[in-house]
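Input: a single structure, listed below in structure tokens.
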Amino acid sequence: MTPNAANAVPGRVELTLEMRSDSDAVLDAFPETLMAGVATDLTALRLSASFTQLSRARPTDCTPLVMDAVQAAADQLGYASMRLPSGAGHDAVYMAPTGPIGMIFIPCLNGRSHCPEEWIEPAQLLDGTRVLYQSVLELDRKLRA
């Protein structure tokens, strides 16, 4: 922001935005959708905006076999669960070429993760560990059959 002062109206603002999705189509359409969504307001305020894409990675899909095992483990343990696409390619993009992948998410305080404020209760860590353990047993059972 220039100038970066509390009592000044900035003449220029730069914003870095990270877009995540499990859909290539959503990622491809996002820049144009975003700019179209703010165009009327920008015109009314006599402002302009531009978009520069810094990077673009394809989503990495989790393996249904693994995700089914995670779901079965959570169900067996009586835990509430839902399938949640991550969009966090950095967690999976390097593992996917080596074999089937999946992720287990546990609740973080205020939904904050990958930041200094991230916090989980020890009991939730234990629950996630139990799901992981049962998932491995379930995958072993399925793959040996």
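Only the coordinates and a few stated rules stand behind these numbers; no lab work does. Predicted model, so just to flag it, every value in this text is computed and none were measured. No Cβ is skipped: glycine too gets one built from the backbone with ideal geometry, and neighbour counts run over all protein chains shown.
Entry for the range 1-57 at q = 0.13, 0.14 Å⁻¹: log10 I(q)/I(0) = -0.46, -0.52, Debye formula applied to identical alpha-carbon scatterers, no solvent contribution. The order of THR63, THR2, going from fewest to most other C-beta atoms within 10 Å of their C-beta, is THR2, THR63.
Students often get this wrong, so try it: which of [x] -0.66, -1.22; [y] -0.40, -1.33; [z] -0.64, -1.35 is log10 I(q)/I(0) by the Debye sum over Cα atoms at q = 0.11, 0.21 Å⁻¹ as calculated from the structure shown? Correct label is [z]. Shown for the range 64-144 is the translational diffusion coefficient from the Stokes-Einstein equation, using the Kirkwood radius over Cα pairs, a temperature of 37 °C and a viscosity of 0.692 mPa s: 239 µm²/s. Each of PHE51, PHE30 was scored by other Cβ atoms within 10 Å of its Cβ. Listed from fewest to most, they are PHE51, PHE30. Look at the dipole of the chain built from charges on Cβ: of VAL70, PRO59, TYR133, the Cα furthest out on the positive end belongs to PRO59. Each residue in MET82, MET19 was given a count of other beta-carbon atoms within 10 angstrom of its own, and listing them fewest first yields MET82, MET19. About its Cα centre, the chain has a charge dipole of approximately 120 debye under the convention of +1 per Lys or Arg Cβ and -1 per Asp or Glu Cβ, with nothing else charged. For the range 64-144, a crude dipole built from +1 on the beta carbon of Lys and Arg and -1 on the beta carbon of Asp and Glu, taken about the Cα centre, is about 260 debye to the nearest 20.
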